[in-house]
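The values are calculated or read from the model by the stated rules, or taken from the named source; none is laboratory data. All figures in this text were calculated on a predicted structure; none of them were measured in a lab. Because the Cβ atoms are built from the backbone with ideal geometry, glycine has one as well, and the counts that use them run over all protein chains shown. The protein model used for the area step is the full one, side chains on, heavy atoms only, and it has no ligands, DNA or RNA in it. Shrake-Rupley method; radii C 1.70, N 1.55, O 1.52, S 1.80 Å.
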Amino acid sequence: MSDDKTLRRNLADRLAAAGHLRSDRWRRAVVQTPRHEFLRGGYFRRVDGVGPTGWEPVMPDAPAWLPATYSDDSLVTQIAGTIAPGDIRGLIFRSPTSSSTMPSLVVRMLEELNVDDGMRVLEIGTGTGYSTALLCHRLGDDLVTSVEVDEDVSIRARASLGATGHMPRLVVGDGLAGDPHGGPYDRIVATCGVLAIPPAWLVQSRTGGQILATVCGWMYSSELARLTVSDDGTAHGRLLGGQISFMLARPHHPPSLGVLPDLADGEERETSIGPDVLDDWTIRFVAQLAAPRTQLVRVSVDGGAERPVLIDVDAGAWAALHREGDHWIVRQGGPDRVWDRIEEHVTRWRRDGSPGLDHFRITVTPEAQTITWL
Ligand SMILES: C[S@@+](CC[C@H](N)C(=O)[O-])C[C@H]1O[C@@H](n2cnc3c(N)ncnc32)[C@H](O)[C@@H]1O
């Protein structure tokens, strides 16, 4: 057996042993889909130091490359919206914008998608095309459409899919608009995170169709949601739990912070919860529900200790927190009191028994998305 075949089998065994890969059909897809073909352009290895995170290209001629393509890791394939591994030598210090998602997460999503033979699937976020290839293997190329916002990424995915014998329909465009000319779909699956499920996906789903996507916020807590579309054009479902995170859909990236607010402005009061609660994934998700457009940054004023500051750039609202003895003090400014909303929501969630995210319900209508706990 060739090296990569053995690596693929071992990967499938590991994914099955960890409970991610549960069915024979998806196991066969993993065993027969060569992930390394989707990473022929190399990947970026993360390099942490004292400064900002750097990314260093690893190309197919490096001994580490082939085994890495069968590791259970996300492998970054594009930085800063344009840069591919073959474009540079040395390190680059910008954010990843495309990747091959870690296989355990890919197969978990595919298992959660509940597909059956004959179903039409729309994937949002083609990336390298690896997850698209698994869908093609399971359903057949004719039943799979994948949308990618970045043309270069889509072109590379088309080549890799072709090299592995697949020809699904690939669309370049903003997947938040779905595939206006291709519905209705039985399943829509997003491999990029969204702030809210776009109404276009409801319109392009069949009645009874399912949508699987990660809902995220700008404090970067996120969770996988599965919804079923009703005949009245709304969708209902629940969060599945497991602390799933994906890179955000590009149009859902937060606005730049602009000029920081004057932290001496505003009004001060004691708060019953401190910003340390936001270290917890679930509480951060609850906080995001209360203040969905708020970003969390840490600011040191005049060389003093770092303070957490929450900023809603569009509303012009902010909250800065600091400790005095054993109390937390919040200072808030702007037209809205973001910390009041977070404090109220987190307190109510705790009063209701601090339910886990897998106890949260999600409803999407053409007008709004609502997430609540039971
Ligand atoms: C985590 S990667 C996808 C991984 C991919 N499924 C794989 O197996 O390689 C997320 C992808 O979503 C794409 N993306 C971001 N925003 C998008 C949007 N609005 N519409 C379509 N694709 C988008 C990114 O360019 C990126 O390629």
- Set Asp116, Asp61: member being at pLDDT 95 or above, assigned by TED's automatic domain parsing to the domain that holds Arg156 and outside any helix (DSSP H, G or I): Asp116
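Looking at Glu56, Glu37 in this structure, which one is closer than 20 Å to Thr128 by Cα and in contact with a Lys or Arg (Cβ under 7 Å, 6 or more places away or on another chain)? Steps first, please.
On the way: Glu37 fails: in contact with a Lys or Arg (Cβ under 7 Å, 6 or more places away or on another chain).
That would be Glu56, the only listed residue that is closer than 20 Å to Thr128 by Cα and in contact with a Lys or Arg (Cβ under 7 Å, 6 or more places away or on another chain).
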- Task: Hey, can you tell me all the residues within segment 307-341 that are farther than 21 Å from Ala264 by Cα and open to solvent by less than 50 Å² (accessible area, probe 1.4 Å)?
- Result: none
- Item | Candidate set: segment 121-147, residues that are open to solvent by 20 Å² or more (accessible area, probe 1.4 Å) and of a type in the set (D, E, K, R); chosen: the one nearest to the ligand (Cβ to nearest atom) | Arg138
- Message: So, in segment 17-51, exactly how many residues are open to solvent by 40 Å² or more (accessible area, probe 1.4 Å), in a helix (DSSP H, G or I) and farther than 17 Å from Gly127 by Cβ?
- Response: 6
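Ser95 - would you say it is outside the structural domain of Pro180 (by TED's automatic domain parsing), within 19 Å of the chain's Cα centre (by Cα), open to solvent by 20 Å² or more (accessible area, probe 1.4 Å) and within 11 Å of the ligand (Cβ to nearest atom)? Outline the logic, then answer.
Values: outside the structural domain of Pro180 (by TED's automatic domain parsing): yes; within 19 Å of the chain's Cα centre (by Cα): yes; open to solvent by 20 Å² or more (accessible area, probe 1.4 Å): yes; within 11 Å of the ligand (Cβ to nearest atom): no.
No.
Counting just the residues of segment 148-170 that are more than 9 Å from the ligand (Cβ to nearest atom) and within 20 Å of Arg250 (Cβ to Cβ), which one comes out most open to solvent (accessible area, probe 1.4 Å)?
The extreme case among them is Arg158.
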- surrounded by 15 or more Cβ atoms within 10 Å (Cβ to Cβ) and more than 16 Å from the ligand (Cβ to nearest atom) - does that describe any residue in segment 243-259? no
- Would segment 201-218 turn up any residue that is surrounded by fewer than 21 Cβ atoms within 10 Å (Cβ to Cβ), outside any strand (DSSP E or B) and not β-branched (Val, Ile, Thr)? no
